[in-house]
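The values are calculated or read from the model by the stated rules, or taken from the named source; none is laboratory data. Computed from a prediction, not measured in an experiment: that's the story for all the values here. Backbone-built Cβ (ideal geometry, glycine too); neighbour counts: all protein chains shown. For accessibility, only protein heavy atoms count, side chains too; no ligands or nucleic acids. Shrake-Rupley method; radii C 1.70, N 1.55, O 1.52, S 1.80 Å.
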Amino acid sequence: MIPGARLIILGRQGAGKGTQCVRLSRHYVVPHISTGDMLRAAVREGTELGLQAKKVMDEGGLVGDDIMIGVVEERLAKPDADSRGYILDGFPRTVAQAQALDEITVAKPVNAAIDLDVPREIVLDRLSARRVCRDCGTNYTATGDEPSPWNCDVCGGDVEQRADDTPEAVDRRLDLYEEQTSPLKEYFTSRGVLTVVNGVGHPDHVFKRLIDAIESLR
Ligand code: AMP
């Protein structure tokens with residue numbers, strides 16, 4: 001990996017992006033910046049941002065571009081991201097966000113946008129079984145055999161279903177992805193930074209494909 005690499009991971013929700021980003025961030029020791037995790041933390045803490053975002057998130061909508069751009073601009077300016085680079089997960093999600101990111105990162109542009117590609121039918125199945133640690137964001141797949149309460153293997157936090165993983169909210173998110181986020185593939189292709197990685201298969205195999213794609217950026 002290029003030292004200080006700045007990477008964007010794109011893909012449908014449920015493509016395994018979050019889990020893979022956590023692994024990549026540990027592997028390369030770079031910050032994992034997840035806008036979804038930041039918003040969920042704001043909701044838990046009851047901040048102004050959390051109050052604004054909660055309803056939109058629960059319904060599977062998109063939080064406004066201006067709010068999101070402000071959140072990301074502030075985060076990318078922190079010393080860890082500035083010096084070590086970052087793995088950006090869940091942002092940008094619209095062309096307007098991508099254009100703003102170009103401006104924010106004009107001095108240090110992103111090195112690559114990786115599209116973790118998983119077809120819609122597969123993510124629908126995954127999302128209904130998805131459970132998440134509310135403290136550290138580790139993802140799990142429910143099989144029906146879980147202990148109750150279910151505690152996270154990584155941090156001991158409560159593992160639960162996300163409020164926005166109802167079938168209606170999932171459908172809405174996937175529709176919004178096609179409309180608003182998938183045009184980003186063309187956007188990053190035209191800038192010569194898009195790499196598509198097949199996200200179907202065992203998570204260890206997908207992780208290996210991601211590492212290979214990132215290593216080939218050298
Ligand atoms: P995620 O954990 O990335 O699936 O994000 C959870 C929810 O947070 C999304 O369904 C959106 O409601 C909201 N969200 C996260 N990132 C963004 C973004 N870049 N733009 C708009 N809304 C976002």
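Candidates in region 162-173 are the residues that are touching a helix residue (DSSP H, G or I) at 6+ places or on another chain (Cβ under 8 Å) and surrounded by fewer than 17 Cβ atoms within 10 Å (Cβ to Cβ); of these, the one that is farthest from Glu121 (Cα to Cα) is Ala163.
Screening Leu101 against (1) in contact with a Pro (Cβ under 8 Å, 6 or more places away or on another chain); (2) away from the ligand (no atom under 13 Å from the Cβ) leaves a single unmet condition, (2).
Residues in region 136-151 that are over 16 Å from Cys21 (Cα atoms) and under 18 Å from the mean Cα position of the chain (by Cα): Thr141 only. In the set Arg93, Arg12, only one residue is in contact with a Phe, Trp or Tyr (Cβ under 6 Å, 6 or more places away or on another chain) and basic (Lys, Arg); that residue is Arg12.
For region 180-215, a residue qualifies if it is out of contact with any strand residue (DSSP E or B) (no Cβ under 9 Å at 6 or more places or on another chain), in contact (Cβ under 8 Å) with a residue 24 or more places away in the chain and either not in a helix (DSSP H, G or I) or not β-branched (Val, Ile, Thr) (or both), and the qualifying residues are Gln180, Pro183, Pro203, Phe207, Glu215.
Being open to solvent by 40 Å² or more (accessible area, probe 1.4 Å) and within 8 Å of the ligand (Cβ to nearest atom) is the filter here; which residues of region 68-88 pass it? Within region 68-88, no residue meets the criteria. The set of residues in region 1-15 being within 12 Å of the ligand (Cβ to nearest atom) and either open to solvent by less than 20 Å² (accessible area, probe 1.4 Å) or within 19 Å of Tyr86 (Cβ to Cβ) (or both) consists of Ile8, Ile9, Leu10, Gly11, Gly14, Ala15. Scanning region 2-58 for residues that are within 23 Å of Arg126 (Cα to Cα) and among the β-branched types (Val, Ile, Thr) returns Ile8, Ile9, Thr19, Val22, Ile33, Thr35, Val56. Considering Asp58, Asp37, the condition of being within 8 Å of the ligand (Cβ to nearest atom) and open to solvent by 20 Å² or more (accessible area, probe 1.4 Å) is satisfied by Asp37 alone. Checking Leu127, Leu176, Leu210 one by one, the residue that is open to solvent by less than 70 Å² (accessible area, probe 1.4 Å), within 14 Å of the ligand (Cβ to nearest atom) and under 18 Å from Thr19 (Cα atoms) is Leu127 and no other.
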